Ligand SMILES: [Cu+2]
């Protein structure tokens, strides 16, 4: 469509400016050569990068099987890049073509012919971006709805508390035989000394493979963000609010987790391990943890923590305190 419109404009110029017809023809031929070169280069890029398995997944961590959402998220990511590359390369080639083909030549005088208020062109420049943005929005919305759909009967709920600068995990699990477990882990901050072995000291989140899990994400103090890069999802943890994430791990393995929201001095040491294991091993591991849930008692903000508020000598904002 774009080329048609440009050709029409050129045809107009040819009619109106007879002497420059040959010049424009030459420019057109060069432009076509440039366009062909650009398309070949773009195709070569796509073919070359398709060689590696890692590249096929857009250099995403994990694999398509790590969770039940990974395949969809990976397709969306790669699809968005392919669309962006096609649009980007087309735009760059057209820009280069115009820059080269219609450059100022020896003997040219004054301004070139101005084509402002060219209605078909103006309409195209408005309509195409709107279609692109709406298409991207449509796909994004569909994927977000898909991965955000609550799992109604999830046997495992893990409440994750972000805190400066570690993690607490509360497990509520109903096994297949109907027995329930409520366990908790108070995580401590990583000490990054540069020595090997730090990873073993990090708090570890255990998850059973092929069991849908509901994460309830909370914070004890400031805003954190729960992020296991291999799960391709992250969500903020906001004090006084519960955000939820639903997924099913589909392959066993060891993964890394971290905080993805700058939350203070030791944000970079706010790390944890994720172990996806068979259900038996999961039960063995969580049964070694203290019984019960950690709950909100350790929350720093007294307004979010009634028990903590009683411990304060003077309630926050008490005017009598200021008078004394
Ligand atoms: Cu944090």
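Only the coordinates and a few stated rules stand behind these numbers; no lab work does. On a predicted model such as this, the values are computed, not experimentally measured, just so you know. Here the Cβ is made from the backbone with ideal geometry for all residues, glycine too, and neighbour counts use every protein chain on show.
The table below lists the values:
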| item | result |
| --- | --- |
| Computed Kirkwood radius, in angstrom, where 1/r is averaged over Cα pairs of region 156-294 | 15.1 |
| Kirkwood Rh (inverse of mean 1/r, distinct Cα pairs), region 122-181, angstrom | 15.9 |
| Distribution of pairwise C-alpha distances over region 185-248, 10 Å bins, in % | 18, 42, 34, 6 |
| FRET efficiency for residue 113 and residue 200, using Cβ-Cβ distance with R0 set to 56 Å, rounded to 0.05 | 0.20 |
| Label-point gap, in nm, between residue 56 and residue 291 - each point 7 angstrom along Cα→Cβ | 5.0 |
| Stokes-Einstein D (µm²/s) once Rh is taken as the Kirkwood radius of region 93-162 over alpha-carbon pairs, at 10 °C in 1.306 mPa s | 87 |
| Region 156-294, relative contact order [Cα under 8 Å, separation at least 6], % | 31 |
| Normalised alpha carbon radius of gyration of region 71-201 [divisor 2.2 N^0.38 Å] | 2.02 |
| Difference of contour (0.36 nm per residue) and Cα-Cα distance, residue 125 to residue 100 | 6.9 nm |
| Ordering of 143-154, 274-285 by burial proxy (mean other Cβ atoms within 10 Å per residue, highest first) | 274-285, 143-154 |
| Stretchable slack from residue 86 to residue 151, in nm (0.36 nm times residue separation minus alpha-carbon distance) | 19.7 nm |
